[in-house]
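> This structure is in structure tokens; I'll ask about it shortly.
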Amino acid sequence: MHIYPHFIASFLSLAAPLLAEPVLTGGLAGQILIEELNCVACHEAESLKQSSKRAPRLAEVGSRLNPAFIETFIRDPHGTKKGTTMPDVLAKLPEAEKASTAAELTHFLLSLQKPDFAPQAPDHVAAAAGHNLFHSRGCAACHAPRDESANELAMANSVPLGPLEAKYSHASLVKFLRDPHAVRPSGRMPNMQLQGRDAERIGHFLMQKTRVPGGLRFTLYRGQVWEGLEGENVTAERGGQVADFALSSLGKVEQHTAIRYEGWLNVKAKGTHKFFLKMNGGSLMVDGKMLVQEAPSDRRDVKDFTATLELEAGPHAIELIYFHTGRKPELTFEMEAPQFPRGQIPTAMLSVSKEQLAAFASTKVNAALAVRGREQFGKLGCANCHDDLKLPRLSAPAFATLDATRGCLADSTGPRFGLSAAQRELITQSLPTVLNPQLDDTQQIHKTLASLNCIACHERGGLGGPATERRALFTGTQPSLGDQGRIPPPLSHVGAKLTPEWLAAVMLHGQRQRDYMDASMPQFGEAQVGHLAELFGRVDKLEDAVLPKVTQLQESKAAGYEMVGATGLGCIICHEFNGQKAGEISALDLARTTERLQKNWFTLFMRQPSRFHPTVIMPGFWPDGKSLRPSILAGDSAQQIEAIWNYLADGERAKKPAGLSRQSSELRVGDVAEICRGRGPAGYRGIGVGYPEQVNLAFDSGEMSLRMLWRGEFANVDNGSFNRRGDDAISFPPGIPFHRLKSLEENWPSKGKTNHAFPQDHGYEWRGYVLDAKHCPTFRYLFGEIVVEEFFEDMRGPNGRSFFNRTLRLTAPAPQQPFHFRAAAGGSVTKVSEREFHIEKLTLRLGDGLSAMIRDGSPAEVLIPLTLSQGTTTLVLDYQW
């Protein structure tokens, strides 16, 4: 078998091709093996002590790991976890003695602290998010990628994990992910700097095969649940297991929540089963048969439902979907059956699985076994590696006296590491020199990068880099940056490129600039990588760039300002500047350039970017030494590069380059209206209109509805999107303006996630808009055969405050069936008079001949009933706020 000394699988499993590289000689590879196997734990060698990998700490192992896993792993470490560096210290024992010794050692370890290990049911909603995080954050750079069910997908050079659900609980795995160095002090498993609940989500993903008894599996949804679970504004928020159908099992349930319960009903006796439900809306299925189905409505109270079904004794699949919405929402679910009088279904009759699951049985420590296990821990040499327990160590020959044909290397006596012939040969080659290794700085760098598997993500001078089959696992948020937006940067020349301070900040404190990369920068700890910044600086040397003399610094900075801006070299088209961007691309922030980069490297890079990165997307601005902007500084390329550096040297205090300032994205309104289009307050097909009286609106051309009003400054426009600048905003919910309600309990239609035909399936068709002399638009669309024209006029009232007068002209070719116009909606509506309504801070006034009704719910609505005759009908409304 192959041993994978933690993160060096890349050259141990494929030793021949990589050892042909000059960067990893056989002796160096053998030294890495010796250090990763922690040979000095038994065979004393002071020169290797600091660099050798230390074993995990065991003082709290009873809380961290499943006792059954501990015992199995001790008895057969290589069979339990492929690639482990844990030697088989029981290999030479007969099977019966091996089993009893493993049990003794397990009870000793459990006796160190109260063993409170207990598995938890996974949250399948969090697990779905964890699947993406496991790959995007960089876990799969070292470990095998996994499918959605967390099954490992075969991929060469992967550090094996094994079935984690047999080893950890969710709580213990998350604790480990958040601080791996507390258990594994040598930092081979880095701290991935997981933010927020990311560790929990990855934990749920990896532990999703955990099975514990429970009554029901649940999924809790939040949002506009009255649209149904497939609604665009409904998302699954959490999942897991509960004992029964009682809402109290979920804690406080907020309004506008939906819950899907799934499980098995264990029927005691054959016969008629009657189900009683009280709820606003939802569905009940038993064995795939729909017994109750009622669409939810936010505008009514609960309803009573009854269903009857003949059932055989035994388990039956049951699913209840409940919508916690409407007035005074509640859920009551009861059953009446043979030998079961009417009442709530108890936990004893419910199960998350068809077959009953056994409850986890905690291990009770046997004191006698624990005493014998303590003796075995020292006798077998366990205390030599696991030195945190401070127990007597086993004496072994000093490293200098080792014979390569005996002991561990021979796999005949002592602990068995299961070394392959190639690995034994690597160790044997290094034995004569390993105590006094003559490693130069370059070899020391390569040893560190290989030991910590930095080369899984980074390439340096031909060593490592993402394997071809793994490159697709690296992702980013800026597709336009290509591979440079998702693949970690190479480390070639990094000591000449980055300042020592920045290098240290990245490696030791998690500093990062490439936020568009999804992968985290792992933290290995100062003891592991603290020496690299100095080594990189000593090894990486470039020729000295010839720097021009600058006599007028301010003139130079001004030229740099011009070149960085949109009218110069256009650097800000691709790069951020002090957190702001001018275009869709957000490459490295230029304001931190001189903080990060050494000036010499910057100068050489600017002259020829492709020299340092063959596939760089950064264009060359001085081909053959000639400037593309000959009008700046007389076209002197050296002075131009120097000017850019001088300008950027002011960092965050530097003047914002042209094309990046607020004015470049702000759309201001003068004496005529201004219009912008794109994604924004009115969805993906929004139209923003700013009017001279300093009132503005956002209109959704997808649903043909008014979505927002606001005062003051108009909008910021940015590459196909816009956002309001002013304040005092009034928002309107999504949904079409006109609809024929089947009943007053029916939800007002709006677009759902899967209804791509909306609102055309409700008779709507967008016809565009036309502008008048003041550039004010009239929106035009069809509702069935009715032609609708909407016009907003900005007006000023007697109190000096501006408002909107809205006019709708509806032209019908023939008399129409009655329908409603939703004039306004919000959290609450108050009727002031027959023609005036207050919708929170908005006042709606109806024109002559109009009347309206209030429909309570969420949102509350002002509906104007309409029955059109042939011809044109005009609606006039004022919106004041």
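The values are calculated or read from the model by the stated rules, or taken from the named source; none is laboratory data. Note that the coordinates shown come from a computational prediction; the quantities given were computed from them, not determined experimentally. Glycine also receives a Cβ, built like all others from the backbone with ideal geometry; neighbour counts cover every protein chain displayed. Please note that ligands, DNA and RNA were not included when accessible areas were found on the heavy atoms of the full protein model with its side chains. Shrake-Rupley method; radii C 1.70, N 1.55, O 1.52, S 1.80 Å.
> Based on Cβ point charges of +1 for Lys and Arg and -1 for Asp and Glu, what charge dipole magnitude is obtained for the range 452-579 about its Cα centre, in debye rounded to the nearest 20? List each step's numbers first, then the result.
Working: 11 positive and 14 negative charges, 28 e Å.
Taking the Cα centre of the range 452-579 as origin, the dipole is about 140 debye.
> Let me ask another. Taking only protein heavy atoms and a 1.4 Å probe, what accessible area per residue, in Å², does the range 246-383 have with all protein chains in place?
Details: 6800 Å² over 138 residues.
Per-residue accessible area for the range 246-383 comes out at 49 Å².
> Now for a different question. I'd like to check one number: the per residue accessible area of the range 817-881, probe 1.4 Å, reported in Å² as a whole number.
Values: 2870 Å² over 65 residues.
Result: 44 Å² of accessible area for each residue.
> If you don't mind, there's one more thing I want to ask. So for the range 162-237, taking the charge dipole from beta-carbon charges (+1 Lys/Arg, -1 Asp/Glu), which of Gly203, Leu229, Pro163 sits furthest toward the positive end?
Highest projection toward the positive end goes to Pro163.
> Just read off the accessible area of Glu765 with the full protein assembly in place, 1.4 Å probe, to the nearest 10 Å².
90 Å²
> Right, another one. If one takes the longest principal axis of the Cα atoms in the chain, at what angle in degrees, from 0 to 90 and to the nearest 10, does the Cα axis of helix 500-509 lie?
Between helix and principal axis, roughly 80 degrees.
> Let me ask something else. Report the charge-dipole magnitude of the chain in Debye, nearest 20, computed about the Cα centre from +1 at each Lys and Arg Cβ and -1 at each Asp and Glu Cβ. Don't skip to the answer; put the middle values down first.
Working: 97 positive and 97 negative charges, 199 e Å.
Roughly 960 debye, rounded to the nearest 20.
> Report the calculated FRET efficiency for Lys82 and Ala295 (r = Cβ-Cβ distance, R0 = 60 Å), to the nearest 0.05.
Details: r = 53 Å, r/R0 = 0.88.
Efficiency, rounded to the nearest 0.05: 0.70.
> Per the helix-only calculation at 222 nm, which mean residue ellipticity applies to the chain, given -39500 (n - 2.57) for every DSSP H run of n ≥ 4 and division by its residues, nearest 500 deg cm²/dmol?
On the way: 24 runs with 194 residues, N = 881.
Value at 222 nm, helices only, nearest 500: -6000 deg cm²/dmol.
> Further, regarding this structure: If I model a spin label at Glu254 and Ala729 as a point 7 Å from the Cα along the Cα→Cβ vector, what separation in nanometres do I get?
Using points 7 Å along Cα→Cβ, the separation is 1.9 nm.
> While we're looking at this one, here's another question. Just want to confirm a number: the relative contact order over the chain, from Cα pairs under 8 angstrom separated by 6+ residues, in percent. List each step's numbers first, then the result.
Working: 1849 pairs, mean separation 85.6, N = 881.
Relative contact order of the chain: 10 percent.
> In addition: Kindly report, to the nearest 10 Å², the accessible surface of Arg801 as traced by a 1.4 Å probe over protein heavy atoms only.
110 Å²
> While we're looking at this one, here's another question. Suppose all protein chains stay in the model; what accessible area per residue would a 1.4 Å probe give for the range 610-768, in Å²?
Details: 7510 Å² over 159 residues.
Counting only protein heavy atoms, the per-residue value for the range 610-768 is 47 Å².
> Here is a further query. Give the ranking of Lys92, Lys581 by solvent-accessible surface, highest area first, calculated with a 1.4 Å probe.
Numbers: Lys92 135, Lys581 90 Å².
Reading off the accessible areas and sorting them downward yields Lys92, Lys581.
> Could you check the simple spin-label distance between Lys379 and Phe791, using points 7 Å along Cα→Cβ, in nm with one decimal?
Going by the 7 Å Cα→Cβ label model, 10.0 nm.
> Let me ask something else about it. How would you classify the range 503-571 from its alpha-carbon gyration tensor, with a ≥ b ≥ c the square roots of the eigenvalues: rounded for a/c under 1.5, else prolate if a/b is greater than b/c, otherwise oblate? Walk me through the numbers before you get to the answer.
On the way: a/c = 3.36, a/b = 1.68, b/c = 2.00.
In terms of gyration-tensor shape, oblate.
> Another question, if that's okay. Using only Cα atoms, find the angle between the long axis of helix 95-111 and the longest principal axis of the chain, and express it within 0 to 90 degrees, rounded to the nearest 10.
Once rounded, one gets 60 degrees.
> So who's got an amide H within less than 5 Å of the one on Ser186, skipping anything under 5 residues away but keeping other chains? H placed 1.01 Å off N, in plane.
Close amide H contacts, sequence-distant or interchain: Arg54.
> Here is a follow-up. Taking the Cα centre of the range 279-329 as the origin, how large is its charge dipole in debye, to the nearest 20, when only Lys and Arg (+1) and Asp and Glu (-1) carry charge on their Cβ atoms? Could the numbers behind the result be given before it?
Numbers: 6 positive and 8 negative charges, 81 e Å.
It comes to approximately 380 debye.
> Taking the Cβ of Ile572 as the center, what net charge do the other residues with Cβ under 10 Å away carry, scoring Lys and Arg +1 and Asp and Glu -1? Walk me through the numbers on the way to the answer.
Details: positive: Lys581, Lys656; negative: Glu576.
Summing Lys/Arg as +1 and Asp/Glu as -1 gives +1.
> Match the structure shown to one of the listed values (1) 61, 47, 18; (2) 55, 29, 22; (3) 109, 40, 29 of semi-axes √(5λ) of the Cα gyration tensor in Å, computed from it, and give that label.
(1)
> Cα centroids of the range 119-142 and the range 338-366: how far apart, whole angstrom?
29 Å
> Let me ask something else. Based on the alpha-carbon gyration tensor of the range 58-109 and its eigenvalue square roots a ≥ b ≥ c, which shape applies: rounded if a/c is under 1.5, prolate if not and a/b is larger than b/c, or oblate? The partial results should precede the final answer.
Values: a/c = 2.08, a/b = 1.24, b/c = 1.68.
Oblate, since a/c reaches 1.5 and b/c is not below a/b.
> So if we plug the beta-carbon distance of Ala243 and Glu330 into 1/(1 + (r/R0)^6) with R0 = 25 Å, what FRET efficiency do we get, rounded to 0.05? Don't skip to the answer; put the middle values down first.
Working: r = 19 Å, r/R0 = 0.75.
Computed FRET efficiency for Ala243 and Glu330: 0.85.
> Another question about this same structure. Rounded to the nearest 0.05, what FRET efficiency do Val876 and Leu153 give with R0 = 56 Å and r taken as the Cβ-Cβ distance? Could you check? Mind showing how you got there, number by number?
Values: r = 64 Å, r/R0 = 1.15.
The computed FRET efficiency comes out at 0.30.
> How do 243-254, 211-222 rank on mean C-beta neighbours within 10 Å, highest first? Intermediate values should be presented prior to the final figure.
Values: 243-254: 14.5, 211-222: 19.8.
Order by mean packing, descending: 211-222, 243-254.
> Could you give each residue of the range 784-789 its phi-based ³J(HN,Hα) in whole Hz, using Karplus coefficients 6.51, -1.76, 1.60 with θ = phi - 60°, and x for Gly or Pro?
These are the phi-based 3J(HN,Hα) values: x, 9, 8, 8, 10, 10 Hz.
> Between 0 and 90 degrees, rounded to the nearest ten: what's the tilt of helix 553-564 against the longest Cα principal axis of the chain?
70 degrees
> Local charge sum around Gly680 (other residues, Cβ-Cβ under 13 Å, Lys/Arg +1, Asp/Glu -1)? It would help to have the intermediate numbers written out before the result.
Working: positive: Arg677, Arg679, Arg685, Arg707, Arg724, Arg725; negative: Asp700, Asp718.
Net charge in that neighbourhood comes out at +4.
> Follow-up. In whole angstrom, note down how far apart the Cα centers of the range 29-55 and the range 809-827 are.
Comparing the Cα centres of the range 29-55 and the range 809-827, I get a distance of 81 Å.
> Measure off, as a whole percent, the carbon and sulfur share of the 1.4 Å-probe accessible area of the range 528-684, all protein chains present. Present the calculation step by step, with values, prior to reporting the outcome.
Working: 4000 of 8080 Å².
Answer for the range 528-684: carbon and sulfur cover 49 percent of the accessible area.
> I've got another one for you. Carbon and sulfur atoms: what percent of the 1.4 Å accessible area of the range 224-374 do they account for?
On the way: 3570 of 7360 Å².
The computed percentage sits at 48.
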